[in-house]
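S.K.: Quick one: this structure, given as structure tokens, is what I'll be asking you about.
The values are calculated or read from the model by the stated rules, or taken from the named source; none is laboratory data. Predicted model, so just to flag it, every value in this text is computed and none were measured. Reconstructed Cβ throughout: ideal geometry from the backbone, glycine too, with neighbour counts over all protein chains shown.
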Amino acid sequence: MVKNGYVYLLECRGLHKVGVTININSRMNSYRTQNPFINIIAQRLTVYYKDIERFVVREFSSKVAYNKEWFRLNAKDVEFIKKVFSGAPIEEEEVSK
């Protein structure tokens, strides 16, 4: 049986993290215990959560800022990730070559 999971985008003091989890509430409680400044920007519940995370991480690999998990993204990058999470079609020119 295929399980649903969440892919999410977090923001903390100008840095962003893309991650996956089965239980979004538990994951956010864990993060906020360590750092109350973390905000969830976008999330999506889907069976493709791991594939979406891999795609986004590859897409923004040149913008890694810390520990291979945190990225320095601009507003356009965040909007692109939200579009990916929404399932909207992505135009070829929007994707890194």
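S.K.: What number of residues within region 21-34 satisfy the criterion of being over 25 Å from Gly87 (Cβ atoms) and either small (Gly, Ala, Ser) or assigned to a strand (DSSP E or B) (or both)?
M.R.: 1
S.K.: Which members of region 52-75 meet the condition of being surrounded by 16 or more Cβ atoms within 10 Å (Cβ to Cβ), in contact with a helix residue (DSSP H, G or I) (Cβ under 9 Å, 6 or more places away or on another chain) and acidic (Asp, Glu)?
M.R.: Answer for region 52-75, where residues must be surrounded by 16 or more Cβ atoms within 10 Å (Cβ to Cβ), in contact with a helix residue (DSSP H, G or I) (Cβ under 9 Å, 6 or more places away or on another chain) and acidic (Asp, Glu): just Glu59.
S.K.: A follow-up question, please. Testing Gln43 on (1) in a strand (DSSP E or B); (2) exposed (fewer than 14 other Cβ atoms within 10 Å of the Cβ), one condition comes back false. Which one is that?
M.R.: Against the list (1) in a strand (DSSP E or B); (2) exposed (fewer than 14 other Cβ atoms within 10 Å of the Cβ), Gln43 comes up short only on (2).
S.K.: Looking at (1) over 21 Å from Ser86 (Cα atoms); (2) free of Cβ contacts under 8 Å to residues at least 12 places away in the same chain; (3) not aromatic (Phe, Trp, Tyr), which one does Ile38 not meet, given that it meets all the others?
M.R.: Exception for Ile38: condition (2).
S.K.: A further question on this structure: Being modelled with pLDDT of 95 or more, outside any strand (DSSP E or B) and surrounded by 14 or more Cβ atoms within 10 Å (Cβ to Cβ) narrows it down to one residue among Val78, Val7, Val18; which is it? Reasoning before the result, please.
M.R.: Numbers: Val7 fails: outside any strand (DSSP E or B); Val18 fails: outside any strand (DSSP E or B).
After ruling out the rest, the residue left standing is Val78.
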